[in-house]
Structures are given as structure tokens and as C-alpha cells.
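To start, the structure itself, in C-alpha cells.
The values are calculated or read from the model by the stated rules, or taken from the named source; none is laboratory data. Keep in mind the model is a prediction, meaning the values are calculated, not measured. Glycine also receives a Cβ, built like all others from the backbone with ideal geometry; neighbour counts cover every protein chain displayed. Heads up: the accessible areas ignore ligands, DNA and RNA and are worked out on the full protein's heavy atoms, side chains in. Shrake-Rupley method; radii C 1.70, N 1.55, O 1.52, S 1.80 Å.
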2 protein chains.
Amino acid sequence: MADAPGGENLLYLTDEQLRKGIEAMFFAYRGFTADPDRILEGMNYGRAHHRAIHFIHRSPGTTVSNLLSILGVTKQSLNRVLRTLIDDGLVRSEKGKTDARERHLFLTEKGVALERELSDAQRARMRAAYRAAGPAAVAGFRQVLEAMMDPEMRRQYNRLKEGG
Amino acid sequence: MADAPGGENLLYLTDEQLRKGIEAMFFAYRGFTADPDRILEGMNYGRAHHRAIHFIHRSPGTTVSNLLSILGVTKQSLNRVLRTLIDDGLVRSEKGKTDARERHLFLTEKGVALERELSDAQRARMRAAYRAAGPAAVAGFRQVLEAMMDPEMRRQYNRLKEGG
DNA sequence: GAATTTACGTCAGCCTTGTTGACTTTCCAA
DNA sequence: TTGGAAAGTCAACAAGGCTGACGTAAATTC
């Protein structure tokens, strides 16, 4: 075993190890989205709707611009999705009280029901994976993912974490 | 601390922990693809081209149908991407010797160069994340991702692992 | 009070990347 | 020799990104 000058074993940083990690991310993300995708297909919604629903559920009353910065898309793109969700009665949009330019977003009962269905499916897979891997692996999993984020995204992620 | 009947602490399986994992996957995947996306933007290619290039590099001489099953898209979708890569001289397609129906795919020098550029960027981020998290965390990371895959994808992933 | 900025919505058009369906060509194997 | 598999192609369509331009209402600043 070749150790680094500092004494730390760096075999886990070889290109081969990194490539395995890259491929693991690719295949795992497919699994990660597979169940919600299956539920949404055929009901006129897609992954974009799922993301909006998730974060509105997560932060009820969030504004459009806040959602924009979390999702990292243009307002035109988000608006198209939000429009259908509002028209279909899954999301409610409320004019702000202190700042009437803002729109605060909430899930309706119907929206909550779909969110539940989607997140139940996604959590079930996550739970199975967590259970199979064990608590120590889960801690490592989260550490690596967090380190992989762009700083701005890490801020968003941590802001959500605190809030929850 | 509430332990499970079996004596195992299951706090890491709470809905809250699972939700954090879900959000971590979402934000981390954005970071994961950000650097290659940046390189590809403006040069007529997208993530689909990156994926094709990656797996052709990974398994030189792979057939179209093998690539299809790895990427999980339709042949029409893959063909469009492959067409532009072949036309632009990044990929070479060779009629099979033992089975002439098959097309074996290889990267040209130009293709290898782009693959290198893309994977260098992606590996750099991965390496930074791995280094920040440490070897134990990396092992856990890979364990959880592997457990999250669909069985068929896990087979693909492991086949690639052995090969490499 | 007027001008500017901010938050949001919307129209129009474009691109990538996914889909289905229909069809042809090539070639292996029964 | 014929059926079926592998590959490629054409056409059409949808989701969901993007840019640019424009409008409106409300807040802020000058």
C-alpha cells in the first residue's frame, strides 16, 4: 500500500476510484428519480412539477423568486410548471401582505396528497438503500454529496436543513 | 435515544433524515453535472453527448444496443446523438466482424480529447469532494448509491466495474 | 411626487433530448 | 429460404430548458 507523503493513504483518490464514483452517481440518480417519474407519467406532469411540489411543501409560503433560486431555472420555465399546478388546483398563490409584489406559494389538499404519494415512493427507495448500507455509510454518503455541491447550492441546502 | 426492537438504532431512517438525503441528491447532482455542462455549452453538445462519449471511452468497441441498455434511452434518441458525434469525427462506427449487423463504437483522437477534457473537470470536483470527506465517507457514499440503483442498473454498474 | 427598481406574469421562439410509430436494410440462423 | 433480430432512418410530437421583449403593480429612492 502506497501512502502519501503526509502519511495518509490516498488510494481512494485514484482516477479509477473517481470514475467508479462518477458512474455510481449516474446509475443511482436514475434509480432516485425512477419511482416518482413512474407515478407522474401519464398524469401530464414531469420531474419539473415534482421539484416544484417538493420545495413548496418543504417551505410553505415561499415566494416565486425564492423557488427560482432553489431550482436554478428561469422564471419562464418555472412559470409554465407553476401555471399548470395552480390551474389544476394543486398549488395556491397568495399575494404578499407586507410586500404585495410577492406571491406566496402553498400546496392545496390535493397538492399535499400528490406530494405525499411522490415522496412516499422516493423515501421507500431511500429507506431501503439506507437500511442496506447502515448508519455509518449514510453519514459518509451525506458528507460526500454535500462536498460535491456548488457553494451556493450548499447554502440553499443548509438553509433548508435548519428550517426542517 | 429510542432504539428499535432489535436493539439497532434506527434514527437514521426517520422521514426527516430521508428527506435530507433526497435533497442532498438533488443539489449534489447539479454540482456533479455542472462542470461538463459548462464545457459543452456553446459547442453544440449536451449531457446526452457526454454520456455517450463517457461510455464509449469506458468500453471501446461496445455495440449500439449495449450502449442503449446502459443509457436507458430509445435507439432513435441515441442515434441522433451518435450521428452528430460520428459526423463531427469524435466517434468511429465499425461494422462487426463476427456479426456484421452490429456496429462497434470507438472514440477517435478528437473524441478522446473531448472525453479527457470533460472527465478531467468532473473528476476534479469528485476528487475535491472525496478529499474533503475522507476515505470512510467515500466507502459509505458508494455503498448507499449502489443500494439505490435498480437491480438492472446495478448489474450494468458492476459489469463496468469488473471490466475496469 | 416622479423616476427607478423589483417581483411577477406572459408571449413568442428556439434548442436539446426524450418519446412513439412506421419503415427499410442487412444479415444470422432455423 | 424465410423469419426475426440488429441497426438505421424519417416523421411527428412533448417536456422542459433557454433568451428576449414587454406589461403591470408595488416598493423604493431621489
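Things worth noting here:
- For the range B:57-138: accessible area per residue (Å², 1.4 Å): 55
- Rolled with a 1.4 Å probe across the full set of protein chains, the surface gives A:Asp150 an accessible area near 50 Å².
- Chain A, closest residue to the rotation axis toward B, by beta-carbon, whole angstrom: A:Gly140, 1
- Computed from Cα positions, the angle between helix A:135-148 and the longest principal axis of chain A comes to roughly 70 degrees.
- Distance from the range A:81-116 to the range B:118-164 (C-alpha centre basis), Å: 38
- Relative to the longest principal axis of the Cα atoms of chain A, helix A:75-87 runs at roughly 60 degrees.
- With 29 Å as the limit on Cα-Cα distance, the pairs of A:Lys95/A:Lys161; A:Lys161/B:Lys161; A:Lys20/B:Lys75 that go past it are A:Lys161/B:Lys161.
- Between A and B, accessible area buried - total, square angstrom, nearest 100, 1.4 angstrom probe: 6100
- Relative contact order of chain B, taken over Cα pairs closer than 8 Å and 6 or more residues apart, is 20 percent.
- Here's how it looks for B:Arg92: its modeled amide H is under 5 Å from those of B:Phe106, B:Leu107, B:Thr108, which are all 5 or more places away or on a different chain.
- Accessible surface of the protein assembly as shown, 1.4 Å probe: 52 percent of it comes from carbon and sulfur atoms.
- The angle between the Cα long axis of helix A:15-40 and the longest principal axis of the Cα atoms of chain A comes to about 30 degrees, rounded to the nearest 10.
- Couplings 3J(HN,Hα) of the range A:98-104, computed from phi: 7, 10, 6, 6, 7, 10, 9 Hz, in residue order, whole Hz [Karplus 6.51 cos²θ - 1.76 cosθ + 1.60, θ = phi - 60°; x for Gly and Pro].
- Electrostatic dipole magnitude of the range A:28-164 [Cβ: Lys, Arg +1; Asp, Glu -1; Cα centre; debye, to 20]: 180
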